[in-house]
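The values are calculated or read from the model by the stated rules, or taken from the named source; none is laboratory data. From a predicted model like this one, the values you see are computed outputs, not experimental measurements. Virtual Cβ from ideal backbone geometry, glycine too; neighbours counted across all protein chains shown.
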């Protein structure tokens with residue numbers, strides 16, 4: 001697996017293992033082992049995210065896979081993906097920064113796509129790769145997926161090289177989401193689409209926060225932009241030549257939805273979305289904002 005992590009995000013034990021394995025060649029080049037890597041600025045913020053992601057991958061409280069497989073998130077993810085069906089490429093190349101353990105990648109495996117997925121957590125990447133290889137061995141997988149370690153603040157890919165970018169629930173973890181939006185525009189070919197979903201700046205957020213405080217379902221490690229509005233997204237995307245089409249949804253707390261079966265959860269979310277989207281004061285205050293952003297020619 002290719003590794004493009006730099007600075008404080010580099011795993012020191014990986015460096016030590018590589019050095020010890022190639023010590024003669026490294027010394028012949030006049031190199032010395034690097035020590036005392038500093039955590040500064042954005043590196044520091046991303047290091048916090050990396051440590052949290054590694055913890056979330058396999059902790060005893062609730063790991064990332066268990067979290068994403070709850071009725072609430074399984075149904076929300078499916079609703080989000082269904083809303084993108086008509087715009088999602090049937091074939092071509094897809095970039096997925098912040099792929100985690102393959103939570104959204106798995107929904108694209110039935111299409112003949114070339115997917116490049118990356119994350120800064122080696123534990124989540126290992127799980128994503130293992131899951132993909134297992135599914136591929138069992139048959140039915142049409143997509144070709146490559147995983148690599150990289151930072152979503154700077155994509156290690158060339159300009160205008162992808163037909164779609166899938167970035168789900170990642171911007172609100174980043175130190176400078178506007179920089180990442182510029183990166184998305186840079187790597188998309190003209191006319192192609194960025195698919196995203198983030199936490200919305202809902203007036204009902206206090207209800208969710210209170211429930212999370214009293215009955216925590218997961219631990220969040222958000223960045224400076226923990227909640228993101230349509231206006232904020234436009235301010236990041238429009239200057240890069242990207243448009244924005246968005247809607248808000250999810251008006252029922254996950255604490256209530258998780259008490260239901262998957263089928264029941266889907267029904268409750270669909271019905272509440274249908275009703276709330278017709279109410280003028282409520283419709284723009286769903287818990288999530290889901291969107292497509294197309295790069296203009």
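Some observations on this one:
- Total residues in the stretch 261-281, condition surrounded by fewer than 17 Cβ atoms within 10 Å (Cβ to Cβ) and touching a helix residue (DSSP H, G or I) at 6+ places or on another chain (Cβ under 8 Å): 4
- Number of positions in the stretch 241-255 that are on the phi < 0 side of the Ramachandran plot and either loosely packed, with under 13 Cβ neighbours inside 10 Å or touching a strand residue (DSSP E or B) at 6+ places or on another chain (Cβ under 8 Å) (or both): 8
- Summed over the stretch 48-62, the residues that are surrounded by fewer than 18 Cβ atoms within 10 Å (Cβ to Cβ) and either in a helix (DSSP H, G or I) or under 16 Å from the mean Cα position of the chain (by Cα) (or both) give a count of 6.
- Cβ-Cβ contacts under 7 Å between residues 6 or more apart (or on different chains), taken from a first residue in the stretch 201-216 that is closer than 12 Å to residue 285 by Cα to a second residue that is in a helix (DSSP H, G or I) and at pLDDT below 95, are absent.
- Checking residue 125 against (1) surrounded by fewer than 22 Cβ atoms within 10 Å (Cβ to Cβ); (2) part of a helix (DSSP H, G or I), the condition it does not meet: (1)
- Looking across 124, 109, 135, 167, one residue alone is over 23 Å from residue 230 (Cβ atoms) and within 12 Å of the chain's Cα centre (by Cα). It is 124.
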